[in-house]
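The values are calculated or read from the model by the stated rules, or taken from the named source; none is laboratory data. Note that the structure is a prediction, hence the values are computed from the model and not measured. Please note: Cβ atoms are built from the backbone with ideal geometry, for glycine as well, and neighbour counts cover all protein chains shown. Please note that ligands, DNA and RNA were not included when accessible areas were found on the heavy atoms of the full protein model with its side chains. Shrake-Rupley method; radii C 1.70, N 1.55, O 1.52, S 1.80 Å.
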Amino acid sequence: MQTVQIPGFEGQRIEVEVSNGFNSSQLFVNGQPAPAAPRRGQFLLRRDDGREVTAQFKAGFPDPIPALLVDNQTIRLAEPLAWYEIAWVAFPLVLIFIGGAIGGALGAGATVINAQIMRSGQNTVAKYALCALVSLVAFGLWAFIVSLIRR
């Protein structure tokens, strides 16, 4: 869990548990799950001055770490990926242009995996090597599937 500093909530402990791919991100206030708002995917928070505001997670493809939107204010939970990291992560999306629907599915899947790898705690060389391996596997699978279809 990660503690988040939000202006107007200095007297409260706001924590976030980011999705691990199997469940959605969760928001906690003073150790308790934040109450749900009337709209799906939103939470109700009470500022230190007593005013109620809504909060929601805002996903950004391909980065697996969402931003937290509180009362129309964006709170970053992690530094955004650099342009060169995004380029490395999203390289398999080239399959969309050369591989049709099959290439698009494989490219999107590899991009999601690469983004999770880039956000992992691995050292830099390992992250780039694993992303390259995932990209190569996606291209290889695409070539294999296309060769089976063409037979």
Exactly one condition in (1) open to solvent by less than 50 Å² (accessible area, probe 1.4 Å); (2) modelled with pLDDT under 90; (3) out of contact with any Lys or Arg (no Cβ under 7 Å at 6 or more places or on another chain) is false for A67; which is it? (3)
Could you please find all residues in the stretch 1-11 being outside any strand (DSSP E or B), at pLDDT 80 or above and loosely packed, with under 14 Cβ neighbours inside 10 Å? Q5, P7, E10, G11
Inspect the stretch 131-143 for any residue being open to solvent by 70 Å² or more (accessible area, probe 1.4 Å), farther than 30 Å from F28 by Cα and small (G, A, S) and give the result as yes or no. no
Which of the following residues is under 15 Å from the mean Cα position of the chain (by Cα) and either surrounded by 11 or more Cβ atoms within 10 Å (Cβ to Cβ) or at positive phi (or both): E17, E52? E17
Does E17 satisfy the condition of being farther than 30 Å from W142 by Cβ and out of contact with any Phe, Trp or Tyr (no Cβ under 9 Å at 6 or more places or on another chain)? no
